[in-house]
Amino acid sequence: MTIRTQKFYDFSIHTAPECSDPPEAMAEIASGYGYAGIAITNHTPHQPQKPETTDHPKIVVYSGIEIVAKNPHHLMQMIQKHRAKVRVLSVHGGNEKINRAAVESHAVDILSHPDERLNHVLMRFASENRVAIEFNLDSIIRMRGRARVRALTNFRHNLKLARKYGAPMILASNAQSIYDLRAPEEMIALGTIFGMTEDEAIAALGTVPEEIIMRGSENWIMEGVWVVTED
C-alpha cells in the first residue's frame, strides 16, 4: 500500500447550503488534488445532498450527513431517519453519552469530533461495530496554543487505543470552503504529527473510506463477505 497506488477520499466536506461553496466547486478542487471521492456531510438539520453522482469525470461525490444529536435517544431517531438516504453517516460527538451511543451502533460509519479521550470500552465497541474514529485535521490546523496542544494530546491517546483494539481510523479535513481542502500528501504528513505511521495515514484516507462505501453497497452482506456478480 503506497501513496501512488491507493485511492484517497475525504469524508468530511461541508458545502452549500450550510456553507458558501457548492458541492461542484468542492469536487473540482478535490479532484485536482487527486482524490477519488468525497462525501458531502453537512450537519443536521440540513438535509443530505442528492445521492452520489458520477457526472464529474474524475471524482465521485457521495451523499452523507453529520448528525448533531441532543441525547442518545435523539441520535437513534436521527439515524433511523437518515441511514437509508446516505452512503456516509457520521455522528458529531463531543460528550461520552453521544460518543458511546454512536460507537454502539452498526448503522454509524464515523464518529466525528469525539472532542475527548475515548476510553477502552468505547474503542472496543468502535472496533466491533466498525465505526471509524475520525481524526479531524482541521483541529490542528486552525487551533493555537493550549487548544491545539489539547487536541494533539487527545489524538495521540485515541490513536494508541485504536491500535490496541483494531478500531478503524479516518482522517478528515472538515472543509467548509475550497480553501480548507488539503491534498492527500498534506493530510498524511499532518497525521504523522500526532504519531500515525505513513501506512496508518494512507489507510485512514483510503482503505477505511473504501470499506465504508463497500458496506453501503447492495452487494455487501457482512464484514468480509459480499456478492460478486458476473458481467
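The values are calculated or read from the model by the stated rules, or taken from the named source; none is laboratory data. As the structure is a computational prediction, the values presented were derived from the model and not from experiment. With ideal geometry, Cβ positions are generated from the backbone for all residues, glycine too; neighbour counts draw on all protein chains shown.
Give me the residue from region 57-73 that is part of a loop (DSSP other than H, G, I, E, B) and among the hydrophobic types (A, V, I, L, M, F, W, C) and, out of that set, surrounded by the fewest Cβ atoms within 10 Å (Cβ to Cβ).
Going through the qualifying residues, I end up with V68.
Based on this model, can you work out whether A84 counts as in a helix (DSSP H, G or I), out of contact with any strand residue (DSSP E or B) (no Cβ under 7 Å at 6 or more places or on another chain), buried (at least 19 other Cβ atoms within 10 Å of the Cβ) and not β-branched (V, I, T)?
So A84 does not fit the description; no.
Quick one: which residue in R182, R124 is at pLDDT 95 or above, surrounded by fewer than 23 Cβ atoms within 10 Å (Cβ to Cβ) and closer than 24 Å to Q80 by Cα?
One residue alone meets the criteria, R124.
Within region 195-231, how many residues turn out to be modelled with pLDDT of 95 or more and not in a helix (DSSP H, G or I)?
The total comes to 4.
Which number in (1) touching a strand residue (DSSP E or B) at 6+ places or on another chain (Cβ under 8 Å); (2) over 17 Å from S173 (Cβ atoms); (3) at pLDDT 95 or above marks the one condition that K97 misses?
Here K97 meets the rest and fails (1).
Name the helices (runs of 4 or more DSSP H) wholly inside region 113-184 in which the number of residues that are under 14 Å from the mean Cα position of the chain (by Cα) is 1 or more.
120-129, 138-142
To keep it simple, each residue is scored yes or no on (1) surrounded by 15 or more Cβ atoms within 10 Å (Cβ to Cβ); (2) at pLDDT below 95; (3) within 15 Å of N174 (Cβ to Cβ).
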| site | (1), (2), (3) |
| --- | --- |
| D10 | yes, no, yes |
| I38 | yes, no, yes |
| P48 | yes, yes, no |
| D55 | no, yes, no |
| L75 | yes, no, no |
| Q80 | no, no, no |
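Which pairs do you get when a residue that is in contact (Cβ under 8 Å) with a residue 24 or more places away in the chain and among the hydroxyl-bearing types (S, T, Y), found in region 85-105, comes within reach of a residue that is buried (at least 16 other Cβ atoms within 10 Å of the Cβ) and part of a loop (DSSP other than H, G, I, E, B), reach meaning Cβ atoms under 6 angstrom, with the pair 6+ apart or on two chains?
Close Cβ pairs (under 6 Å, with a partner that is buried (at least 16 other Cβ atoms within 10 Å of the Cβ) and part of a loop (DSSP other than H, G, I, E, B)) amount to S90/T41.
Quick test for you: out of S20, S90, pick the one residue that is of a type outside the set (K, R) and either modelled with pLDDT under 95 or surrounded by fewer than 21 Cβ atoms within 10 Å (Cβ to Cβ) (or both).
Just a single option satisfies the conditions, and that option is S20.
What's the number of the condition N119 fails, among (1) farther than 30 Å from E28 by Cα; (2) buried (at least 18 other Cβ atoms within 10 Å of the Cβ)?
Going through (1) farther than 30 Å from E28 by Cα; (2) buried (at least 18 other Cβ atoms within 10 Å of the Cβ) one by one, N119 breaks only (2).
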